[in-house]
Each structure stands twice: as structure tokens, then as C-alpha cells.
Amino acid sequence: MKIAVIGAGAIGGLVGARLALAGEDVTFIVRGANLEALRNRGIRLIEADGQVRIAAQVRATDDYEAAGPQDVVIVALKAHQVADVAGRIGALFGPETVVVTMQNGIPFWYFHRHGGEFDGRPVLSVDPAGQLAQAIPPARILGCVVYPAAELVSPGVIRHIEGSRFPLGELDGSTSERAGRVGACFEHAGLKAPVLENIRAEIWLKLWGNLSFNPISALAHSTLVDICQHPLARGLAASMMREAEAVAAKLGIAFRVTLDRRIEGAEKIGKHKTSMLQDVEAGRGPEIDALVGSVIELARMTGTATPHIDSAYALVKLLEQSMAEARGGVRLHKAVAA
């Protein structure tokens, strides 16, 4: 299949490299140092077992028109970055193009064909002007939840840390031919991509950890195992997760694992820096609105109190403002003895 991957960061690079190595016709839509690296050297994937694999035949461009219509478009940008490309993404669409969204958090399309009192309602925290819903028709979208951990080592070089699961699902819960086709393509590339009847429940399961561990990690400069093994931090994460569970329940979502098991799963990942901590250290804007602000928005819609989530959100938003004013990031450094 002709597959365009928008973004060649940790997840986009991992997925695009695996698909290209499996023989798919992959074009990366990238810019800057990543564009230069992919054009000159292809994309290098360091697998979790240390094996180095190079997909040398991938195409890379920053010109959506030149890339042309695709069978599948994988949007592998952070949620707050998608608006920057929304106006150009239509150049990649043919009559049957499927768009696989790989953003963490509550997606802009969450209430499309949701049913009930909120059916069709926009999620303003991630799409305040309705720009994304207009540029990416929800009818094209195949929902996706990203579980693997990976990191961008340098332009064009991706290190896979662990995991390979990318559940997929139609927004209306149907079992479609196109979902099966995309899932089979992912599976052929060594990615686990079960097609689920309720992709929103899976989104909440992933978000359950992200909305707590990411802001705590960014504020405390701590890894997942550090948070989970620190009694006070673990307790704060659990309180945030219980509040989120109450919001989800009012939207008809039941979690298939217990809260303790979800925390234990994060602990097993070990000394992994969350994406939000990586962003803060690198001076990039944290992905706070999709991961936390959206949950607060849904909490207000459903009349649910979220005091712990609100507090974490306020602190990260203040950190975001401080970083923007200083035009810098925040990283721990070893102290120099006086």
C-alpha cells in the first residue's frame, strides 16, 4: 500500500520504518533535520534487542502536493502539532484514503458517531476552532491507540524501547474491510494491531496512565518507575486516575483492568521518561491539553469533580508559560560542589 507517515519522531519513525522494512511504499512527510537525514541515509531503527535495521528506500518530502494521494495516511504528530499541517493534509487524500490518528489523549473526533447526548460535540481543548474536524473528515478516520515506547535518538534514528501494540477501531464500532486491511498491513510489519469494537475504551485505558504519569513526570523530573515506587507520587497518580475513571464512567466507559494493575504496568516499564518530560527537557511545549485539559473539559460536561487533575493541569500550564517566556527547557543537572 501507499502509506504516508506525517512526522518521523519516536512513534512515526518506528511505525514508518517497520512498514517500509516489510515492503510497503512509505513516504515520510517531514521537515528540517529529519528531512535531510531521511533523504540522505534513510531511517535507522534500533530494535529493543539492539539489532540495527535500515530502511534505505523510503521517500521523504515536506511537499504534500508532491507526495500525492495515498491509501493510508498515518498522522504521527503530537496532538497540539496537528493543527499546523491540517490545511495541507487534504493533498494526500484520494477517494478511499484512510487516516490513522496516533495522538495520545482524547481525540478531536471523540464524539463523532458517539451516540447519546454528546453525539457530534467538538472537543474544544484539542480543536478549539473546529479546524481539525474540517480538514480531516471523521468518516476517513480509523482510531488508533499507541502503546509502544520509543525515542528519537537523532534525526533519522529511532530506538524502540518496548511494546508493539497499536489497536485500531472504527469510530462507530463496526467491523470494516478497511480496518482489517490496515490491521493486516501492520501485523505484517511486526506490529500488533487488533481491530476493536470499542476504540474509545482503549483510548481511555491508555489515557488513564498518561493523564497522571505525564504531568507528574514533567513536574518532578522522574521516570515511571520512580513515580510508581514513591508512595506520595503513587498516591497522587491514583487519585488522578480515580477522578478520570469517574468521568469515563459517565460516558459509558468501563476499564478492563484495575487501577492497581494499570500502575503496576507502568512500573514495569522502568526508568522511562514520559513524552511530556522529554518535551520539557528539550524545550518543546508539553502535550498537556490533549492529555489533561481534554479530560477536564469532559469532566465539566459530565458534572464531575476533578480537583487533583485540575491542580496538575494548572502547574504544567504555568511551566509551559515559563518555558515559552524563557525560550528554554528544564532539565536536572548534577550539582557542582561549592
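Only one residue in A48, A66, A76 is in contact (Cβ under 8 Å) with a residue 40 or more places away in the chain, assigned by TED's automatic domain parsing to the domain that holds P155 and out of contact with any helix residue (DSSP H, G or I) (no Cβ under 8 Å at 6 or more places or on another chain), so which one is that? Full working, then the answer.
Working: A66 fails: in contact (Cβ under 8 Å) with a residue 40 or more places away in the chain; A76 fails: out of contact with any helix residue (DSSP H, G or I) (no Cβ under 8 Å at 6 or more places or on another chain).
So the residue among A48, A66, A76 that is in contact (Cβ under 8 Å) with a residue 40 or more places away in the chain, assigned by TED's automatic domain parsing to the domain that holds P155 and out of contact with any helix residue (DSSP H, G or I) (no Cβ under 8 Å at 6 or more places or on another chain) is A48.
Name the residue that is nearest to A220 (Cα to Cα), counting only residues in region 267-312 that are among the hydroxyl-bearing types (S, T, Y) and either within 18 Å of the chain's Cα centre (by Cα) or not assigned by TED's automatic domain parsing to the domain that holds R242 (or both). Talk me through it step by step, then tell me what you get.
At the first step, the residues of region 267-312 found to be among the hydroxyl-bearing types (S, T, Y) are 274-275, 294, 302, 304, 306, 311.
With either within 18 Å of the chain's Cα centre (by Cα) or not assigned by TED's automatic domain parsing to the domain that holds R242 (or both) added as a condition, the list becomes 274-275, 294.
Working: T274: 11, S275: 14, S294: 22 Å.
Looking at residues that are among the hydroxyl-bearing types (S, T, Y) and either within 18 Å of the chain's Cα centre (by Cα) or not assigned by TED's automatic domain parsing to the domain that holds R242 (or both), I get T274.
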Report task. Take region 268-290 and flag every residue that is surrounded by 15 or more Cβ atoms within 10 Å (Cβ to Cβ), assigned to a helix (DSSP H, G or I) and of a type outside the set (V, I, T). Result -> S275, M276, L277, Q278, D279, E281, D289, A290
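Going through A254, A184, A248 one at a time, which residue ends up being within 29 Å of T302 (Cβ to Cβ) and part of a helix (DSSP H, G or I)?
Details: A254 fails: part of a helix (DSSP H, G or I); A184 fails: within 29 Å of T302 (Cβ to Cβ).
Just one listed residue meets the conditions, A248.
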Query raised in the report: Does G120 meet the test of being surrounded by 21 or more Cβ atoms within 10 Å (Cβ to Cβ) and not in a strand (DSSP E or B)?
Result: no
Query - Scan of region 291-308 for residues that are in contact with a helix residue (DSSP H, G or I) (Cβ under 9 Å, 6 or more places away or on another chain), more than 24 Å from L77 (Cα to Cα) and part of a helix (DSSP H, G or I), ordered by number - result: A299, M301, T302, P307, H308
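Can you find even one residue in region 116-133 that is over 30 Å from G50 (Cβ atoms) and within 15 Å of the chain's Cα centre (by Cα)? Don't jump to the end; show me each part of the working.
Restricting attention to region 116-133, the residues satisfying the condition of being over 30 Å from G50 (Cβ atoms) are 116-133.
Still in the running and within 15 Å of the chain's Cα centre (by Cα): 126.
Yes - at least one qualifying residue is present in region 116-133.
When the residues of region 52-85 are narrowed to those that are of a type in the set (G, A, S) and surrounded by fewer than 19 Cβ atoms within 10 Å (Cβ to Cβ), which ends up farthest from L19 (Cα to Cα)?
As a first pass, look at region 52-85 and keep what is of a type in the set (G, A, S): 55-56, 60, 66-68, 76, 79, 83.
From the residues that got through so far, the ones that are surrounded by fewer than 19 Cβ atoms within 10 Å (Cβ to Cβ) too are 56, 66, 68, 83.
Numbers: A56: 12, A66: 21, G68: 19, A83: 25 Å.
Among them, the one singled out is A83.
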Query - Among (1) touching a residue at least 60 places away in the same chain (Cβ under 8 Å); (2) under 21 Å from E320 (Cα atoms) - the single one G252 does not satisfy - result: (2)
Query raised in the report: Is it the case that some residue within region 10-22 is in a helix (DSSP H, G or I), modelled with pLDDT under 95 and touching a Leu at 6+ places or on another chain (Cβ under 9 Å)?
Result: yes
**Report entry** Which listed residue is surrounded by fewer than 22 Cβ atoms within 10 Å (Cβ to Cβ), touching a helix residue (DSSP H, G or I) at 6+ places or on another chain (Cβ under 9 Å), assigned by TED's automatic domain parsing to the domain that holds V72 and under 25 Å from A248 (Cα atoms), from E170, E151, E162
**Finding:** E170
Requested in this report: Name the residue, out of R41, R88, that is farther than 30 Å from L298 by Cβ and not assigned by TED's automatic domain parsing to the domain that holds N210.
Outcome: R41
Query raised in the report: Can you name the residue in region 23-37 that is among the β-branched types (V, I, T) and in a strand (DSSP E or B) and, of all such residues, is surrounded by the fewest Cβ atoms within 10 Å (Cβ to Cβ)?
Result: T27
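The values are calculated or read from the model by the stated rules, or taken from the named source; none is laboratory data. Predicted model only: the values in this text are computed from it and were never measured. In this analysis, Cβ positions are derived from the backbone assuming ideal geometry, glycine residues included, and neighbour counts consider all displayed protein chains.
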